[in-house]
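Read the figures in this text as sums done on the coordinates, not as results from a lab. Here the structure is a predicted model, which is why all the values come from computation and not from measurement. Glycine gets a Cβ as well: all are built from the backbone with ideal geometry, and neighbour counts include every protein chain shown.
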Amino acid sequence: MRTHYCGELRGDHSGQTVTLFGWIDRRRDHGGVIFLDLRDRNGIVQIVSDPERTPETYSLAEDIRNEYVIKVQGRVSPRPEDSLNPNLPTGEVEIYADQLELLNSVQKQMPFQVAAADTESVKEELRLKYRYLDLRRDRMQKNMLLRHQIIKTLRRFLEDQQQFIEIETPILTRSTPEGARDYLVPSRANPGEWFALPQSPQLFKQMLMVSGFDRYYQIARCFRDEDLRADRQPEFTQLDMEMSFMSQDEIIALNEQMMRHLFKTVKGVDLPETFPQITYANAMDRYGTDRPDTRFGLELVDVSDLLHDSGFKVFSGAIKQGGTVKVLPVPNGNDAISNVRIKPGKSGDLFREAAEGGAKGLAYIRVREDGGIDSIGAIKDNLSPKRTAELLERTGAKPGHLLLFGAGPTEIVNASLARLRLAIGQEMGLIDPDQINLLWVTDFPMFEWNADEKRLEAIHHPFTAPLPEDQEDLKTARAQAYDLVYNGLELGGGSLRIYQADLQEKVFEAIGLSDEEAQDKFGFLLEAFKYGTPPHGGIAFGIDRLVMLLAGEQSIRDAIAFPKTQQARCLLTQAPSTVDSKQLQELYIASTYEADNESTK
């Protein structure tokens, strides 16, 4: 039986006999004495096999190689002074192996090195195919242990300090496709009918509020069949919370306390007592995004009122068509950014960045050392001295500034300049990678226009409550919603919920659901609201993203034990895969995939 984990042993354990299990991280033969670095999830300790002191273990140690699985029993001894290893937590001690047992060997060549000291860069495809080996590596072990610690800390805070209770909600539920696509599951017991995997526990947690469980939480598995990015997965884990009888300010304060506790416990970082708040409108105006990275400046400036009558048609035309002209002022931009980088072409990397946000071009003005300006003639010739002075004053431009302009539909201007702002901030070293900025974005619009479907759709979800003063005109209403942003990434989001059936019906009507459709999809919720529903609200945090950020990783896949690729595939199990035709027949399902592909050839 194991007495200790490898990484636990210290000088205080000297003289004790211990039993350890693990993998050989490294083997070294020093002219008669064999040293084995034994690794488990807790760390590494040095095992010594000396033929003079423990001859019975020496012959076996000669045949052991990296990644063999062994059992060791031996005495903890202080290392000689000249062999202390200050870089290893167990570097003060070593174990003299009295008994050594080989539990399993390696029968195939390893696809990559696993040793803790190895810094070899391995292609992600190979890592995911052999994920069980990748998870042995020091980096991934630390990430998984961090994930465990984060979830444990959140659970203890909510249960022990805030009186929350954890309640599981169904994985097989009803399809309510409002947002991302559902993953569908056929029902064999009910032919022709389908379950959906939950995109979130939203409706169930609201009904738990009706049930009187006024502080609920769950470490919930959720599923969304959507396009993937580095920080998204088709299945993910979130901390899901719902609370009754609490205002928005109270919910925000509780979550700030939870984040302070988490960061202090897990990372030793002290967060401020309160986090800044910014409205959605203010965030979009100043940063072009509802997830602003506020670790640096470079704020956008709206100059539409100054240029609405400009002779430069790109500016004036955009405004006449209901769009915007904004400026990204870049201090010292004249020296840092050349003209070719902001023009179309192979060297136009900043132009391409703006184009990714939808921009068709990048206009610019350079402020000379004498206070004059340089630009293309069409801009310079249509700016009077007075208007030029107003523009420089509005943007705070000084000699050496580069002014980058976005002109067109407001959404495109915001998206393109937001991308430019982040790219330039990174390039110019304006972002402190060790700084942590958390802020709340509030007062989101309730709805946005879906041009493809020609209807309004909820920005968060249709169960979000509007601000009381905006209920007269729901189409332009602001929501009682709040997102927590961490250095430019959304960490979590929530809202106060609708809890009156009549208001919920009005919101369904606003997004184009008929009374019949609302009853068909959400009749159970509307019915529940008629039996004394308390005011309530909640929030959900992405656990995977939180682990990724606290671990300093760039991909969410390095925060998950068995993730999918960006093509939503599992390289380890080769899922998804075809299934036997008998299984499909039992479910009354036929695939049209092959027939559809044949028809397009």
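Remarks
- FRET efficiency, GLU159 to LYS123 (Cβ-Cβ, R0 35 Å, nearest 0.05): 0.25
- When the convex hull of its Cα atoms is projected in every direction, mean area for the chain (nm²): 37.9
- Simple rule: put +1 on each Lys or Arg Cβ and -1 on each Asp or Glu Cβ in the range 296-427, find the dipole, and look at PRO385, GLY406, GLY311; the Cα lying farthest toward the positive end is GLY311.
- The label point for THR3 and the one for ILE151, both projected 7 Å from the Cα toward the Cβ, are 3.3 nm apart.
- Modelled label positions at GLN99 and GLU472, each set 7 Å beyond Cα in the direction of Cβ, lie 8.4 nm from each other.
- Net charge dipole, the range 296-427: roughly 320 debye, given to the nearest 20, about the Cα centre with Cβ charges of +1 for Lys and Arg and -1 for Asp and Glu.
- Fully extending the segment from GLN426 to GLU411 would add 3.1 nm, taking 0.36 nm per residue of separation and subtracting the current Cα-Cα distance.
- Neighbour net charge for LEU572 - beta-carbon separation under 9 angstrom, K R +1, D E -1: +2
- Once backbone amide H atoms are built at 1.01 Å from N, ASN42 has CYS6, GLY7 as its partners under 5 Å, excluding neighbours fewer than 5 places away on the same chain.
- Estimated FRET transfer efficiency (ASN450, ILE376; beta-carbon r; R0 60 Å; 0.05): 0.95
- Amide H contacts of PHE195 (H built 1.01 Å from N, in plane; Pro and chain starts excluded): VAL185, SER187 sit under 5 Å, all sequence-distant by 5 or more or on other chains.
- For the peptides 51-59, 16-24, 189-197, the ranking by packing is 16-24, 51-59, 189-197, with the highest mean count of neighbouring Cβ atoms within 10 Å listed first.
- Take 293-306, 95-108 and order them by the average number of nearby Cβ atoms within 10 Å per residue, most first; the result is 293-306, 95-108.
- Calculated [222 nm] ellipticity per residue, helices only, for the chain: -8500 deg cm²/dmol; basis is -39500 (n - 2.57) per DSSP H run with n ≥ 4, divided by all residues, nearest 500.
- Diffusion constant of the range 276-418 at 4 °C, which comes from Stokes-Einstein with the Kirkwood Cα-pair radius and 1.567 mPa s, µm²/s: 85
- Rounded, prolate or oblate (a/c below 1.5 giving rounded, otherwise prolate when a/b exceeds b/c) for the range 6-104 by Cα gyration tensor: rounded
- Radius 14 Å from Cβ of ASP29, net charge of other residues (Lys, Arg +1; Asp, Glu -1): 0
- Note that the range 472-480 has calculated 3J(HN,Hα) couplings of 5, 10, 5, 5, 10, 6, 9, 9, 7 Hz, one per residue in order, obtained from phi through the Karplus relation 6.51 cos²θ - 1.76 cosθ + 1.60 (θ = phi - 60°); glycine and proline are x.
- Among the listed pairs LYS313/LYS343; LYS454/LYS521; LYS320/LYS343; LYS152/LYS264, those whose Cα-Cα separation exceeds 23 Å are LYS320/LYS343.
- Point-to-point label distance, ILE436-ASP50, nm (Cα→Cβ direction, 7 Å offset): 4.6
- Maximal additional length on extending the GLU586-SER347 stretch stands at 80.2 nm, based on 0.36 nm per residue less the C-alpha distance.
- Tensor-based shape of the range 493-536 (alpha-carbon gyration tensor, a/c under 1.5 rounded, otherwise prolate or oblate): oblate
- Between SER247 and VAL269, the C-beta separation translates, for a Förster distance of 25 Å, into a calculated FRET efficiency of about 0.35.
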